[in-house]
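A short write-up of the structure that comes next.
Taken together, the values in this text are just the output of simple stated rules run on the coordinates, not laboratory data. In this text the structure is predicted, and so the values were computed from the model without any measurement. Glycine also receives a Cβ, built like all others from the backbone with ideal geometry; neighbour counts cover every protein chain displayed.
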Amino acid sequence: MKAETPRQIGARVLRLEDPRLLSGRARYIDDIRPANCLHLKFVRAQVAHARLLDVDTSMLADLEPAVTVFTGKDIGKLSMKSHQDYPEMQYAEQPLLAQGRVRFVGEPIAAVLAEDAYLAEDAAEMVFADFDFLDPVTTMEQALDPAVQPLFDHWKNNTWVERQMKGGDLQAARAAAAHVIRRTYTNQRHTGVPMEGRGVVAEYDPGQRFLTVWSSTQMPHLVRTYIAEELGLPESRIRVIAPDVGGGFGVKGQVFGEEVLVAWCAIQTGRPVKWIEDRRENLMASIHARDHRHTLEAYVSAEGRLLGLKADITVDIGAYSTYPFSAAGESGMAAKVMPGPYDFQAYEATFRSLATNKCPNGTYRGVARPSAVFSQERLMDDIAREIGMDPIAFRLKNIIRTFPYRNVLGFSYDPGSYVESLEKTRELLAPDFARASATAGDPNRRIGVGIACFIEQTAHGTPDFTRRRVPIETGYIAARLEVMTDGHVLIDLGLQNHGQGLETTMAQVASDALGITPDRIYVRHGDTSAPYSVGTWGSRGGPLGGGAVHLAATEIAGKMRAIAAHLLQAPVGSVQLGDNKAFVSDQPDRFVDLAYVARSALRNVDRLPEGMAPGLAAEASVDGPKDGSYSNAVHAAVVDIDLRTGKLKLLRYVVVEDCGTILNPLVVDGQVRGGVVQGIGSALWEHFVYDAEGQPLTTSFADYLMPQAPEIPMIEVHHFETPTSLTPLGAKGLGEGGAIGPPAAIANAVTHALDIGVTGTPLTASVLWHLAKTAREGG
Amino acid sequence: MRPKEFVYHRARDLDHALALLAEHGEEARPISGGQSLVPMMNLRLARPDHLVDVNDLGLDEIREEAGALHVGAMVRHERYLTDPLIRRHLPALLEAVHWIGHPTIRRNGTLGGSLCHADPTAELPAMAVLHGARIVLASTAGRREVAACDFFKGAYMTDVQPGEMLVSVIFPCPQGAHSGAFEELGERLGDFAMGSFGVVLEHEGGVIRRAATVCGGAKMTPIRLPEIEAALQGQTLAGLDAAALGDRVTGLIAPAGDFQVSAEYRRALIGELAGRALQRARDIALNAQP
Ligand SMILES: Cc1cc2nc3c(=O)[nH]c(=O)nc-3n(C[C@H](O)[C@H](O)[C@H](O)COP(=O)(O)OP(=O)(O)OC[C@H]3O[C@@H](n4cnc5c(N)ncnc54)[C@H](O)[C@@H]3O)c2cc1C
């Protein structure tokens, strides 16, 4: 027999988790039903900004069955603290239940615990807060106005932080420029909206003094550490489990006050406590994102070379700093990535995060990059339009061509396919440019083509977080592998799989190293029983988590080979693993089942080579390389706009991407497509609107418009594969990239179609109609 | 997002339903498809103490009688899509129904529920106004008929009184040769419209004898545009300048804007949709000419 297992990495393996997810057998947070559980309902602030004088819970006293209620008076100093260690940054905490002041509509004021969720909701309506109203801060202008009272008493203004980043000689670039192009671009407040909202269940066992917390989170270990520190419990006596998570998108990549509070309530009441977020809470008080304004000034030579860039970046962070990426993270990220894939060596960015009376702004797929790329790529088109160059030719003139490239801020870019992707896109879109020209004079309709060319720093780890002094502090991902007596494998993975296909890709990676087929590999994740890791976010799972699995599996494979060599009486060097067997290279008939090898390692240890320790387990971790590894992509959108109704139809969406080694093409395509759909939502509809009083107007799906299937075209995905030398498998990250390109690509297509520079999103029918009108009237 | 406690009654027949509604008055609400009421209850925007389920009452006939279609309150939206009487007599309504929500909503939602919910841009209320329908309300005190234009009082407000329920709607059939069309636009397929326009043309020998129009989104209830109807009457189909009439519509309406849609846009949009609906109704009529 020939024991040759086909290579798993790179194969189109159907997702192993799908049968569970698609047949209703997944187990989500609301499926966790401890006996005797109390149901928690939050009473949330209905005003944006006020002094909180009193919370009256007296009407709850006589309810039958009895309810328990906690307010800010009961929780001592429990709070969320997330501070980036910048000297300029103003410090603020969010009490788990409001104390003294409320700062956004949706802020928790009280927690009501009742025998069932209906009773809790009824009782929550009977809690009344007494407010002394304050003027809400609802716009960037107000937040920047020195006359406006700060949100926090000890603050000097409403700026969380303002800093600069610079590199090269911007004066010289300006002096040498033939063209100076200055534009302001904005991206609206919106977020990732998972099908399943947040939810927490906590149960405390006083006998063991052991706290178990289930949470719909992307980062169980960080939840555990935060709870331990805040509640003063030994971390060894806390276990945090993320069951199946019905969508995270970065939004569940923060530690939430609700997680800490539910755990605290379980300890206080001595009963399990459950909180399931409803959609209104989710849209109003979970995590918002984006809300950027960038003013960019580009210095361009007469030949169309980008010489330098000046950026002024403002982000509305809302009322509180979220953990662990903090109020400084979003604006800092925008400043850091703004130089993008272009070759220029003079840059200066001022970035600031503002405090307003709105839901806290945190991480959402792409984290600042969709906004940065929007501005960067809109600017590239606006420059090309102004100096009369073809947008793709202009990009090709300025794109980075030699690697590793040291960018203006000192970041080192590993090799990618920047030029190839642009050229491939141009080739793919030739027919669309032709049909766009054909509608150029049509009074009712225009077709436009737009691209977005970008890079994404992925696989970043500790060095990056240390440099930014973020509370996350570290970035390694760890995995522990254990081969059981029957030759089946358990991977305890320090990641959480909420759509990334990790149960499949990690099994593929382990399979190649171990010679054990994926059907014998069980990937357990989202559980603090796995070795410490910071969770799934930031396009790091594949390159770093995959790397950790590969290293641990390789170590075990070495031991299995040694045992097999002993059993087969063959030299170790001649033993190969594959198809659940160990065999001698040139004599495939000489083999031993890996199950037999495993049993020898764990039970029949008398069969082991002399002196060899029993066991077949290994643990490894991989951290991000110094500057991460850079994925690259070009997105292209073709839009058809009805000038008389503003109706936009996406005719085509094309992605050309390079994420290094592809672990599983099906998973890569799925990640890209899912991200693109979210990016289309960012570009066209999704918008959290607040009125002048700070009231959110978009608190249901009737008003917060997400993309639906009929609006989404087929999304074509093309690949280049430039493996990186910086991660063990050559893989770069790709989870977020899909969501980064669409706002820019679609806005550029609209710009092309209407012949007017788009400056912001969302591009709703109403907005497009006004743009078309302005263009027509020569605005 | 859980409703407040309520008592659920499943009415056996119409008399039972009316008795329950009479007994509980303001505290009671009929529930039919539940597609609007249940979300409202979950958001606690509706807080009925008693729900009277009217799903067992029958009331699901579509019947032709004396030049009108009598449509029962419980007829579900999807029924129209395959009903031959609707196809023959109410082509504008048939077009409009395609725009209601999604398949699940059309499968569950009912005529009575849609009219009594009275969303400002809902399609069936617009069709009732377009066709000059009469709405039949019943209570233990008897029955009464209300003209559609008097039935809708404002956004989510109707003439239904406590103790009453809608039992059927009488749509007078357009007379002689006729055509109809309906246009609307929402941000996404299935969304409530930002604006809509429906038209029925009755014609003879290439000349419009009588026209009816309805405009959704211009006001808080669907409105007719008598000026446009007058302008259409006596026009030849061939000479009908739909785009110009669309522009005239724009001049006649002053819709409100909201945080998603500017007033100026909505106004222009409705005019554009009017032009398109008129153009299609004209083309359909011309194509049907012998
Ligand atoms: C996602 C979504 C999208 C939708 N999109 C659209 C759309 O595009 N266009 C559109 O027109 N509609 C839309 N709808 C609403 C849908 O058409 C509803 O079915 C309809 O508005 C109400 O019908 P129902 O039978 O479900 O009524 P219910 O929800 O049962 O009741 C609605 C109201 O009518 C009252 N009521 C019900 N029956 C009677 C009766 N016989 N007599 C007196 N009062 C009665 C109830 O008390 C309640 O106040 C949408 C709904 C959803 C959930």
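Phi angles across the stretch A:226-241 convert, under the Karplus curve 6.51 cos²θ - 1.76 cosθ + 1.60 with θ = phi - 60°, into 3J(HN,Hα) values of 5, 4, 4, 5, 6, 8, x, 10, x, 5, 5, 10, 10, 10, 10, 10 Hz, Gly and Pro given as x.
Residue-wise HN-Hα couplings along the stretch A:687-699, as the Karplus relation 6.51 cos²θ - 1.76 cosθ + 1.60 with θ = phi - 60° gives them from phi, are 7, 8, 9, 10, 8, 5, 8, x, 7, x, 9, 10, 10 Hz; Gly and Pro carry x. Hull volume per residue, based on the alpha-carbon atoms of the stretch A:121-271 and their convex hull, is 242 Å³.
Relative to one another, the C-alpha centroids of the stretch B:110-149 and the stretch A:339-411 are positioned 56 Å apart. Separation of the stretch A:22-52 from the stretch B:9-44 is 29 Å, based on Cα centroids.
Each stretch of four or more DSSP H residues adds -39500 (n - 2.57); spread over every residue of the protein assembly as shown, this sum gives -9000 deg cm²/dmol at 222 nm. What the Cα atoms of the stretch B:118-255 give is an Rg and a Dmax of 16.2, 53 Å.
Mean partner shielding of peptide B:178-190, defined as the number of other chain Cβ atoms within 10 Å of each residue Cβ, is 3. The alpha carbon radius of gyration of the stretch B:178-288, expressed as a multiple of 2.2 N^0.38 Å, is 1.04. From the Cα gyration tensor of the stretch A:1-158, with a ≥ b ≥ c the square roots of its eigenvalues, which class applies: rounded if a/c is under 1.5, or else prolate if a/b is larger than b/c, or else oblate? Since a/c reaches 1.5 but b/c is at least a/b, the shape of the stretch A:1-158 is classed as oblate. Rg/Rh for the stretch B:62-172 stands at 0.94; both radii use Cα atoms, and Rh follows the Kirkwood definition.
Each principal axis of the Cα cloud of the stretch A:72-127 was evaluated for its coordinate range; sorted largest first, these ranges are 47, 20, 18 Å.
Relative to the globular-protein estimate of 2.2 N^0.38 Å, the Cα radius of gyration of the stretch A:307-390 stands at 1.22. For A:GLY628, the residues whose modelled amide H falls within less than 5 Å of its own, excluding neighbours fewer than 5 places apart on the same chain, are A:GLY461. Sparse packing (at most 16 other Cβ atoms within 10 Å of the Cβ) combined with a DSSP loop state is found for the following GluC sites (Glu not before Pro) in the stretch A:208-310: A:GLU303. Computed over all pairs of different Cα atoms, the Kirkwood value for the hydrodynamic radius of the stretch A:47-88 is 14.1 Å. For the stretch A:159-238 and the stretch A:270-326, compute the distance between their C-alpha centroids and round to whole Å. The stretch A:159-238 and the stretch A:270-326 have Cα centres separated by 10 Å.
Between B:MET194 and B:LEU185, B:GLY186, B:GLU187, the built amide H atoms are under 5 Å apart, and every one of these is 5 or more places off in sequence or on another chain.
Taking 7 Å steps out from each Cα toward its Cβ at A:SER725 and B:CYS149 produces label points 8.2 nm apart.
What the Cα convex hull of the stretch A:420-534 gives, in volume per residue, is 220 Å³. Under a point spin-label approximation (7 Å from Cα along Cα-to-Cβ), what is the B:ALA243-B:PHE259 distance to one decimal in nm? Spacing of the two 7 Å Cα→Cβ label points: 3.8 nm.
Distance between the pseudo-spin-label points of A:GLU303 and A:ARG469 (7 Å out from Cα toward the beta carbon): 4.2 nm.
From the Cα gyration tensor of chain A, with a ≥ b ≥ c the square roots of its eigenvalues, which class applies: rounded if a/c is under 1.5, or else prolate if a/b is larger than b/c, or else oblate? Note, shape of chain A comes out oblate. From the Kirkwood radius over Cα pairs of the stretch A:535-620, Stokes-Einstein at 25 °C and 0.890 mPa s returns a whole-number translational diffusion coefficient of 177 µm²/s.
Over the C-alpha trace of the stretch A:284-440, radius of gyration and Dmax come out as 17.7, 51 angstrom. For the stretch A:336-345, 3J(HN,Hα) computed residue by residue from phi via the Karplus equation (6.51, -1.76, 1.60; θ = phi - 60°) reads 5, 9, 4, x, x, x, 9, 8, 8, 10 Hz, glycine and proline entered as x. Converting the Cα gyration tensor eigenvalues of chain B into ellipsoid dimensions via √(5λ) gives semi-axes, longest first, of 34, 22, 15 Å.
For the stretch A:190-322, the Cα gyration tensor yields ellipsoid semi-axes of 41, 16, 13 Å (square root of five times each eigenvalue, largest first, whole Å). Placing unit charges on each Cβ (+1 for Lys and Arg, -1 for Asp and Glu) gives the stretch B:167-212 a dipole about its Cα centre, and among B:GLY205, B:ALA193, B:HIS178 the Cα reaching farthest toward its positive end belongs to B:GLY205.
Grouping the Cα pair distances of the stretch A:604-676 into 5 Å bins from zero gives a pair-distance distribution of 3, 9, 12, 12, 11, 9, 7, 8, 8, 6, 4, 3, 3, 2, 2, 1, 0 percent in increasing distance order. With all pairs of different C-alpha atoms in the average, the Kirkwood value for the hydrodynamic radius of the stretch B:1-59 is 11.5 Å. Across the alpha-carbon set of the stretch A:637-753, the Rg to Rh ratio works out to 1.07, Rh being the Kirkwood radius.
Ordered by the count of other Cβ atoms within 10 Å of each Cβ, fewest first, B:TYR156, A:TYR704, A:TYR596, A:TYR653 give B:TYR156, A:TYR596, A:TYR704, A:TYR653. Semi-axis lengths, largest first, of the ellipsoid equivalent to the stretch A:481-634 are 31, 16, 13 Å, with √(5λ) applied to each eigenvalue of the Cα gyration tensor. Panel note: the C-alpha atoms of the stretch B:229-282, placed on their principal axes, show extents of 41, 19, 12 Å (largest first).
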